[in-house]
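**Q** Can you keep this structure in mind? I'll have questions shortly.
The values are calculated or read from the model by the stated rules, or taken from the named source; none is laboratory data. It should be emphasised that the depicted structure is a prediction, and the values quoted were computed from it without experimental measurement. For neighbour counting, all protein chains shown are included, and Cβ atoms are generated from backbone atoms with ideal geometry for every residue, glycine included. All accessible areas refer to the heavy atoms of the entire protein, side chains included, with ligands and DNA or RNA removed. Shrake-Rupley method; radii C 1.70, N 1.55, O 1.52, S 1.80 Å.
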Amino acid sequence: MYWNPVIEKMGPDEIREMQGRLLRNTVHYAYSYSPFYRKLYDGAGIRPDDVRSVDDVVKLPFVKKQDLRDSYPYGMFAVPLSKILRIHASSGTTGKPTVTGYTADDLELWSESLARGLYSAGIRKEDIIQNAYGYGLFTGGLGFHYAGEKIGATVIPSSSGNTQRQIELMKDLGSTVICCTPSYMIYLTEYAAKMGVDLREDTELRMGVFGAEPWSEETRKRIENKSGIDAINIYGTSEISGPVVSECHEKAGIHFWADIFLIEVIDPKTGEQLGEGEKGELVVTVLGKEGLPMIRWRTGDITSIIYEKCNCGRWHPRIDRITGRADDMFIVRGVNVFPSHVEYALMQVREVSEHYMIVLERDENGLDLMKVQVEINPEYVGRIGFDELARKVQETLRSYLNVTPAVEIVEPETLPRFEGKARRVVDKRKV
């Protein structure tokens, strides 16, 4: 049940004392070796000795994505490049890419954290992991690869794409675990059915580890019902080391290992720290990261913290499902809407499938228009009219979102499928 029993069985008092000590060390290290942090803390009037306990973390300034872009490429590193073993970078689709570097100890910390998480979910050395996340500058593929090997499991580096080949590998090589985005798993399930492959009967698949995009509990249920596997939620950002933490087998929140991460949730507007169960922006401090220290990193992801003991027996804090990103939220006629909220509402309607798109426009008077396109569930073609279904979906969305979008029901296999992160919002207001 435990990959690292000494750490995972710690009680809340032990965790708090340990985190205070590790936070002090992390701040001293960053101030001593990173010109960026020295300048940041000097500018805020902060000295490392001002941090004595976990409570003092609020004294420290936040670090934001713009800081990484302004420091491009190596300005935030705390070690010379001769000690950096690997470099990853974001896509840079909204500006300069964010570059992160890892020492040998950083890579060990990353693989240890995710190995611990995957083990808590039930993955063992007897498993065969088909890793359908992308390899390369993106951190997803290599994160799962090394964590799987650390556990002792067999890893198939299939990478993303080539869906027919993915299913053939799954059958022929006896994959028991699939790692990919949840939207791609839905597509895999559909594609397998077209090939005449029943994932329940024709493969050994028993578990999927899904992340890189927000997904709802209802989507989990649909994936599990269609494929017969356990669907596990994971989390990570490239800045804190890609995929690093996951749910345990209880599937009741994502555990953040307290010897590696100090997490907070803040009000996105004021920056004030919020309490347990209050929804806000996740802030992560990596305790002991050498190459590029990350202290009070504003992830932009919206969630809440769970401090109570998990039924698995661990006291390490958890986060609830990510409901969206602060910068993914859009406003329609004064109402805040997250794509994940749209997905949750749609999944309450059994007559529609998991594939949808959100189109945002403005009318001739400059007012916001929101249209949701969603495919009819193939099982209900001919059993319900498109207009009737559109009215049902519209009423469901109105009740969950407090805004009434236009709804367009389309034929099965009409909307785009995604092999990586799903892009479900087309905002024509920005054009």
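**Q** Read phi for every residue in the stretch 96-102 and hand back ³J(HN,Hα) as whole Hz from Karplus 6.51 cos²θ - 1.76 cosθ + 1.60, θ = phi - 60°, with x for Gly and Pro.
**A** Here the 3J(HN,Hα) series is 4, x, 9, 9, 10, x, 10 Hz.
**Q** Using a Gaussian network model of the chain with C-alpha springs under 10 Å, which one of Ile409, Ile302, Ile223 is most mobile by mean-square fluctuation?
**A** Ile409
**Q** Separate question: Which percentage, to the nearest 5, of the DSSP beta bridges contained in the stretch 330-427 is antiparallel?
**A** In the stretch 330-427, approximately 60 percent of DSSP beta bridges are antiparallel ones.
**Q** Would you mind working out the magnitude of the charge dipole of the stretch 1-82 relative to its Cα centre, with +1 at each Lys and Arg C-beta and -1 at each Asp and Glu C-beta, to the nearest 20 Debye?
**A** Value, rounded to 20: 260 debye.
**Q** Here is a further query. Kindly report the accessible area of the stretch 330-427 per residue (heavy atoms of protein chains, probe 1.4 Å, no ligands, DNA or RNA), in Å².
**A** For the stretch 330-427, the per-residue accessible area is 51 Å².
**Q** Could I ask something else about it? Cα centroids of the stretch 338-398 and the stretch 26-81: how far apart, whole angstrom?
**A** Rounded to whole Å, the Cα centres lie 45 Å apart.
**Q** Go through the stretch 51-60 residue by residue and turn each phi into a ³J(HN,Hα) via Karplus (6.51, -1.76, 1.60, θ = phi - 60°); whole Hz please, and just put x for glycine and proline.
**A** 9, 10, 8, 4, 4, 6, 4, 5, 6, 8
**Q** Run lengths n ≥ 4 of DSSP H only: what is the helix-derived mean residue ellipticity at 222 nm for the chain, with -39500 (n - 2.57) per run over all residues, to the nearest 500?
**A** Details: 12 runs with 134 residues, N = 431.
Calculated mean residue ellipticity at 222 nm is -9500 deg cm²/dmol.
**Q** Here's another thing I want to ask about it. I need the calculated FRET efficiency for the pair Tyr74 and Phe386, taking r as the beta carbon distance and R₀ as 41 Å, to the nearest 0.05. All intermediate terms of the calculation are to be shown ahead of the outcome.
**A** Working: r = 55 Å, r/R0 = 1.34.
In this case the efficiency is close to 0.15.
**Q** Also, quick follow-up: Would you mind checking which residues have amide H under 5 Å from Ser175's amide H? H placed 1.01 Å from N; only 5 or more apart, or other chain.
**A** Under 5 Å from the amide H of Ser175: Glu204.
**Q** Now, a different point. Which Cα, out of Ile240, Leu118, Val425, lies furthest along the positive dipole direction of the chain (beta carbon charges, K/R +1, D/E -1)?
**A** Ile240
**Q** Roughly speaking, to the nearest percent, how much of the chain's 1.4 Å accessible area is carbon and sulfur?
**A** Looking at the chain in its full context, I get 47 percent from C and S.
**Q** FRET efficiency for Leu367 and Thr414, Cβ-Cβ distance as r, R0 = 30 Å, nearest 0.05? Show your work: numbers first, answer last.
**A** Numbers: r = 27 Å, r/R0 = 0.92.
In this case the efficiency is close to 0.65.
**Q** Right, another one. Grab every C-alpha pair in the stretch 330-427, bin the distances at 5 angstrom width from 0 up to the longest one, and report whole percents.
**A** With 5 Å bins starting at 0, P(r) equals 2, 13, 25, 26, 18, 11, 4, 1, 0.
**Q** With r defined as the distance between the Cβ atoms of Arg206 and Arg47 and R0 fixed at 56 Å, what FRET efficiency is calculated, to the nearest 0.05? Write out the running numbers ahead of the final one.
**A** On the way: r = 52 Å, r/R0 = 0.93.
Computed FRET efficiency for Arg206 and Arg47 comes out at 0.60.
**Q** Under 16 Å from a point placed 7 Å out from the Cα of Glu17 along the Cα-to-Cβ direction: which residues of the stretch 229-262 have their backbone N that close?
**A** In the stretch 229-262, the label zone of Glu17 (backbone N under 16 Å from the point 7 Å along Cα→Cβ) covers 259.
**Q** Follow-up question, since we're still on this one. Please compute the length gained on full extension between Val403 and Lys59, using 0.36 nm multiplied by the number of residues separating them and subtracting their Cα-Cα distance. It would help to have the intermediate numbers written out before the result.
**A** Values: separation 344, 0.36 × 344 = 123.84 nm, distance 3.93 nm.
Taking 0.36 nm per residue and subtracting the Cα distance, the gain is 119.9 nm.
**Q** What accessible area per residue, rounded to a whole number of Å², is obtained for the stretch 1-327 using a probe radius of 1.4 Å?
**A** 40 Å²
**Q** When DSSP beta bridges are limited to those with both residues in the stretch 1-327, what percentage is antiparallel, rounded to the nearest 5? Intermediate results must be reported in sequence, preceding the final value.
**A** Numbers: 26 of 41 bridges.
The antiparallel fraction comes to roughly 65 percent.
**Q** Give the span of the chain's Cα atoms along each principal axis, as three whole-Å numbers ordered largest to smallest.
**A** 70, 58, 40
**Q** Turning to a different aspect of this structure: Counting Lys and Arg as +1 and Asp and Glu as -1, what is the net charge of the other residues whose Cβ lies under 15 Å from the Cβ of Glu204?
**A** Once positives and negatives cancel, what remains is -4.
**Q** Still on this model: How much of the DSSP beta bridge set in the stretch 81-235 is antiparallel, as a percent to the nearest 5?
**A** That works out to approximately 20 percent antiparallel.
**Q** Quick one: 3J(HN,Hα) in Hz for the stretch 146-160, Karplus 6.51/-1.76/1.60 with θ = phi - 60°, rounded, Gly and Pro as x.
**A** 6, 5, x, 5, 5, 5, x, 6, 7, 10, 9, x, 6, 6, 8
**Q** Counting only the backbone N, which residues of the stretch 258-299 are under 19 Å from the spot 7 Å out from the Cα of Trp3 toward its beta-carbon?
**A** 258-263, 285-290
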